[in-house]
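One structure is given here, and the rest of the page talks about it.
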Amino acid sequence: MKIFSRKPALHAHQWVGVFLSAFLYLVCLSGTLVVFNQELERWEQPQIEEFDAVSADAVSKALTDFATENTAQTEHYHVVFPTSGIPRLVVENDHKAVFADQQGNLLETEAFPWSKMLIDLHYYLHLPSTIGIIVVSTLGAVICMLVISGFFAHKKLAKDAFKWRRGGSGQPGRIDLHNRLGIWASPFHLIIGMTGVYFGMAGLILTLVAQLDHDGNRQAVMDKVFTPEPALTQQADFPDVETAITAFNDMETGHKPIFLTVHDVGTPQQFIEIYAQVTDKLIYSENYRFNSKGEFIDTAHYDDGHWGKQLIYSIYRLHFGDFAGMPVKLLYFLLGIMLTALCVSGMDIWLAKQGNPPRLSAMWSALVWGSISALSVTAVAGLYLNVSLTLTFWLLLTGGCALSLLKPGFDRRRWLRICALSVAGLIVAYGLKHQQAVLTAASLQINSALLFVSLWCWWRSGHELYK
């Protein structure tokens with residue numbers, strides 16, 4: 001029997017997808033939402049002043065005041081510029097982050113617990129970080145395997161490229177839609193899978209190369225991939241970020257500053273690094289380095305360095321669609337929905353072939369739609385309660401699955417309505433919490449999307465297949 005014949009490919013595609021469907025769904029769903037992580041962070045604190053630009057002296061004032069008020073020992077200071085994708089000014093150390101207005105006056109502490117919980121779900125599945133990132137990257141490899149095996153399993157790839165049967169039990173149409181989504185978006189799915197593998201396996205590969213070529217010296221390998229820090233000997237004065245920012249602006253590079261980091265705070269090796277987005281490349285940034293007095297040292301040469309270094313430094317933006325602005329984010333969101341829908345439809349097809357066992361089918365619906373409901377209720381909890389949002393999410397999700405296992409009457413139709421009501425409840429709770437701030441752009445762009453999701457879920461629950 002040939003390994004790449006249709007039958008073994010179909011079996012591999014089917015059983016790998018079935019056994020890992022729940023994990024794949026949660027990673028794909030959270031990843032689709034994390035595309036808008038910057039917008040979600042703004043949504044959690046909509047009352048913060050927003051602006052497009054800030055002066056060097058305002059940044060200096062904000063950082064100086066912040067350092068004066070927060071004296072805990074730290075290795076870094078960070079400044080996030082309003083040109084970073086979030087139109088706000090943030091100053092922070094290794095322990096705390098605070099917003100500042102356009103004049104550099106400190107505002108309130110940065111806090112986005114729900115967005116952080118969502119990001120951790122995508123990065124680690126809420127497992128310990130070292131284990132979680134390996135598990136999630138392994139799922140990235142699984143996605144690649146499912147895409148490739150799906151191609152080999154398809155009998156009439158070209159002929160059926162636009163085939164979509166409607167009516168009847170819904171199973172033929174479900175199979176056609178699953179195949180169409182898998183084929184049309186396969187380049188995107190492979191990119192997401194391969195870049196996802198990198199995040200988890202990079203550390204393992206780094207350790208392996210260090211053992212083979214550098215006597216176990218991981219830093220030596222890192223210095224080849226990422227530009228090493230400059231060797232400096234200087235008086236450890238407070239960093240002159242105003243001079244550094246002014247010097248960067250005078251260079252007229254055309255690059256957009258994202259954030260600034262002061263490394264090795266309070267030591268002779270202290271230096272200032274401005275990360276600036278290169279708008280015509282996928283690399284995360286070109287980094288401009290200055291000494292403590294704000295005098296320019298050199299760039300990190302990611303913009304004009306070896307192509308391999310540029311490739312590695314581009315993986316983050318390629319994976320999350322963080323380039324070319326909102327149009328690309330919307331495209332990644334749409335393609336992410338397609339990937340998430342593949343996880344759902346694949347399991348739906350398998351359940352239909354098994355005769356739709358009531359308890360298993362109800363549990364699957366609880367996972368799919370109950371996870372969105374759990375995220376909504378968790379967001380409400382984050383608005384009003386000081387509780388662990390990770391624990392809240394998993395209690396709600398596992399509770400919903402257990403309920404459907406014990407009472408199969410909680411089927412897809414009912415879970416769609418629960419989802420619709422949960423999302424609507426989040427909109428109401430958010431409005432009561434933030435009141436006038438719900439009219440800001442930070443609120444409206446997310447709440448409008450939430451309203452659409454709520455209405456769609458309620459409408460979909462009335463579909464004839466779920467009656």
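Only the coordinates and a few stated rules stand behind these numbers; no lab work does. This structure is a prediction, so every number in the text was calculated from the model and none was measured. Heads up, the Cβs are rebuilt from the backbone with ideal geometry, glycines too, and the neighbour counts pull from every protein chain shown.
Quick check on packing: order 47-54, 331-338, 272-279, 381-388 by the mean number of other C-beta atoms within 10 Å, highest mean leading.
272-279, 331-338, 47-54, 381-388
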request  = For the chain, find the longest principal axis of its Cα atoms and tell me its angle to the long axis of helix 113-124, 0 to 90°, nearest 10.
outcome  = 70
task = Please go through region 385-432 and write out the chymotrypsin sites (Phe, Trp or Tyr not before Pro) that DSSP classes as loop and that have at most 12 other C-beta atoms within 10 Å.
result = none
key: Phi to ³J(HN,Hα) by Karplus 6.51 cos²θ - 1.76 cosθ + 1.60 over region 219-231, Hz, x for Gly, Pro   = 5, 4, 5, 4, 5, 7, 8, 10, 4, x, 5, x, 8
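Please give the net charge around GLU49, taking every other residue with its beta carbon less than 9 angstrom from that of GLU49, where Lys and Arg add +1 and Asp and Glu add -1.
Numbers: positive: ARG88; negative: GLU50, ASP101.
Summing Lys/Arg as +1 and Asp/Glu as -1 gives -1.
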ask   = Going by alpha carbons, how many degrees (0 to 90, nearest 10) lie between the helix axis of 129-153 and the longest principal axis of the chain?
value = 50
task = Take peptides 369-378, 101-110 and line them up by average Cβ neighbours within 10 Å, highest first, as a rough protection proxy.
result = 369-378, 101-110
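Expressed as cubic angstrom per residue, what is the convex hull volume of the alpha carbon set of region 207-257?
Working: hull volume 7.4 nm³, N = 51.
Residue-normalised Cα hull volume stands at 145 Å³.
Over the chain, consider all pairs of different Cα atoms and compute the Kirkwood hydrodynamic radius from their mean reciprocal separation; express it in Å, one decimal.
Values: mean 1/r = 0.0406 Å⁻¹.
Final number for the Kirkwood radius of the chain is 24.6 Å.
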query = In nanometres, what is the gap between the two model label sites at ALA352 and GLN235, each 7 Å from Cα along Cα-to-Cβ?
reply = 7.6
remark   = Relative to the chain, whose Cα atoms define the longest principal axis, helix 6-34 and its Cα axis are tilted in degrees, nearest 10, by 50
At R0 = 25 Å, FRET efficiency that the Cβ-Cβ distance of LEU282 and THR207 yields, to 0.05 = 0.40
ask   = When the C-alpha atoms of region 357-467 are aligned to their principal axes, what extent does each axis show, in angstrom, from largest down?
value = 48, 33, 15
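Highest mean first, how do 280-287, 125-132, 341-348 rank when packing is the count of other Cβ atoms within 10 Å averaged over residues?
Details: 280-287: 18.6, 125-132: 13.2, 341-348: 21.9.
So the peptides 280-287, 125-132, 341-348, ranked by packing, come out 341-348, 280-287, 125-132.
Kirkwood hydrodynamic radius of region 195-343 from all distinct Cα pairs, in Å? Write out the running numbers ahead of the final one.
Numbers: mean 1/r = 0.0572 Å⁻¹.
About 17.5 Å for region 195-343.
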ask   = Which order do LYS96, LYS61 fall in if you start with the one that has the fewest other Cβ atoms within 10 Å?
value = LYS96, LYS61
note = So, over other residues within a Cβ distance under 13 Å of ALA231, counting Lys, Arg +1 and Asp, Glu -1, the net charge is -3
key: Residue-averaged [θ]222 nm for the chain, counting only DSSP H segments that reach four residues, each worth -39500 (n - 2.57)   = -20000 deg cm²/dmol
query = For region 283-398, max minus min Cα coordinate along each principal axis, in Å, sorted largest first?
reply = 68, 39, 23
